[in-house]
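Nothing in this text is a laboratory measurement; each read-out follows from the coordinates by a stated rule. These figures come from a predicted structure and were not determined experimentally. Note that we place each Cβ from the backbone using ideal geometry, even for glycine, and neighbour counts take in every protein chain shown.
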């Protein structure tokens, strides 16, 4: 045995014992992360990853002096990042509602966490989110508040909603927008189309109330946009042209439209491929931008031609908002160097005269 | 359309922010009383002064630091800052126009094509960040230029950088990447 006299003294602060003590804040945070993982029914490996991220974050200098409110959100952000990295579909809205947090604050903590810990967060897949989102709908089982014709098979609704979401994605309705309103609108259309006779009179608001989900405000706009796309596609199907479809009646034919989606999109909307369309008309964008080579139809900003194919563009380009016109720069403005002499008369317009000063000080009555 | 062929893109500068110092203490109350087009924010200790030509807004602190915003070119920003310094001189302050620096330039550029944001983000990690729940555009940072670009699906790109040259370089650098992800 080694001689005890040869051992040197080790201060308690240098021993591992003190370093292993976790602060109360860290312990509470870890417990919160674990509870959140249990509520979301996440696998064990997710919990371990989220806890390790949380420990790293709390020890990072940029999170030492943040408010308690932000520290409480840090755990939720770590769980959110972990889910995204494993392609587990969960939205920020879900985490915020579980933590009773404001989305703006959650967003700022999430972006800081991503930056400081240099975490790579893959994009959220809308297709994966469809199933998780529809799990919360209460229309797939008989219930007292749900009329019998409104109950539907979950797998059918999920399959059709996925197709509608894919269609939305191909027609620029998804890019840059919140995912949940699109999912709600797509689920509503899919559900209606499976038994249109009984369900056409049901509005989006009533559908959400029966399903027990919130109605996000943009869902009405997404629904309107989806119906416009479907109507355009329906105008290309010979056996549907005779029916003179509108936004209500097109729902009955969603199945057919989705089945021939690729063909109908090509027919209903302009294509960019110049080889198919031949010589293109120049675009109406900014004067110095190159002509829209390869485009078979006018570019966005121009009103769509009646009866002709419409360009497949983001909705904000089809119906652009009026922008305030800024004054065009004159040649003299562009010749400014910054070092021109400044005359007294130019400066005096920014100074008050003596009488004006007197009147102003009397009016303000400053001490 | 080929990414390598010459493409003329309009870069429209919408805002230039500059700072300068007057090297003297400024009496904000006097500026508020004797200056026209002035707003005195007593609670935060600053004065806002607006010039008509060039159309800029100056934030003036009593320490002598002044920030000017609203110009549409670096030269215009300098001219506006000098005009403001002259106005303060006329009010009786011993102003010396020093430490002038353009600190931020905001510009907008429109690509002649739409951009598939999810594809662009996937191809350009970790520089690109796309969170549609938070913002409809992809945020792309170029560390070497200290420039940030907001790329929208419509092809519109908003660029912020420390000066006009950095902004122009940023647009040149991003063009081939957005071209790859065009619709």
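Sorting A:191, A:88 from the fewest to the most surrounding beta carbons within 10 angstrom yields A:88, A:191.
Mean per-residue shielding of peptide B:122-134 is 5, counting Cβ atoms of other chains within 10 Å of each Cβ. Remark on region A:168-278: ratio of C-alpha radius of gyration to 2.2 N^0.38 Å is 1.14.
Rounded to the nearest 10 degrees, the angle from helix B:74-90 to the longest Cα principal axis of chain B is 10 degrees. In 20 Å bins starting at zero, report the fraction of Cα pairs in the protein assembly as shown per bin as a rounded %. All Cα pairs considered, the percentages come to 17, 37, 33, 12, 1, 0.
Distance from the Cα centre of region A:159-199 to that of region A:116-151, in angstrom? The distance from the Cα centre of region A:159-199 to that of region A:116-151 comes to 12 Å.
Full extension of the segment from residue A:132 to residue A:59, taken as 0.36 nm per residue of separation minus the current Cα-Cα distance, would add 22.9 nm. For helix B:164-180, what angle does its Cα long axis make with the longest principal axis of chain B, in degrees from 0 to 90 and rounded to 10? The two axes meet at around 20 degrees.
Counting only Cα atoms, region B:111-181 measures 29, 25, 18 Å along its principal axes, largest extent leading.
Considering only DSSP beta bridges where both residues belong to the protein assembly as shown, give the percentage that are antiparallel (nearest 5). Could you put the intermediate results ahead of the total?
Working: 49 of 51 bridges.
Around 95 percent antiparallel, to the nearest 5.
For region B:16-103, the percent of C-alpha pairs falling in each 5 Å distance bin, counted from 0 to the bin holding the largest distance, reads 3, 16, 30, 28, 18, 5, 0. Shape analysis of region A:110-252 places it in the oblate category; the axes a ≥ b ≥ c from the Cα gyration tensor give an a/c of at least 1.5, with a/b not above b/c. Extending 7 Å from the Cα toward the beta-carbon at both residue B:11 and residue B:98 defines two label points whose distance is 3.2 nm.
Can you give the FRET efficiency to the nearest 0.05 for residue A:155 and residue B:146, using r as the Cβ-Cβ distance and R₀ = 56 Å?
0.60
Label zone of residue A:340 (point 7 Å out along Cα→Cβ, amide N under 19 Å): in region B:71-93 this covers B:71-88. A crude spin-label estimate for the pair residue A:9 and residue A:44, with each label 7 Å from Cα along the Cβ direction, gives 4.5 nm.
Shielding by partners for B:74-81, please: the mean number of other protein chain Cβ atoms within 10 Å of each residue's Cβ.
4
Note on chain B: with a GNM built from Cα contacts shorter than 10 Å, the maximum mean-square fluctuation among B:133, B:34, B:114 falls on B:133.
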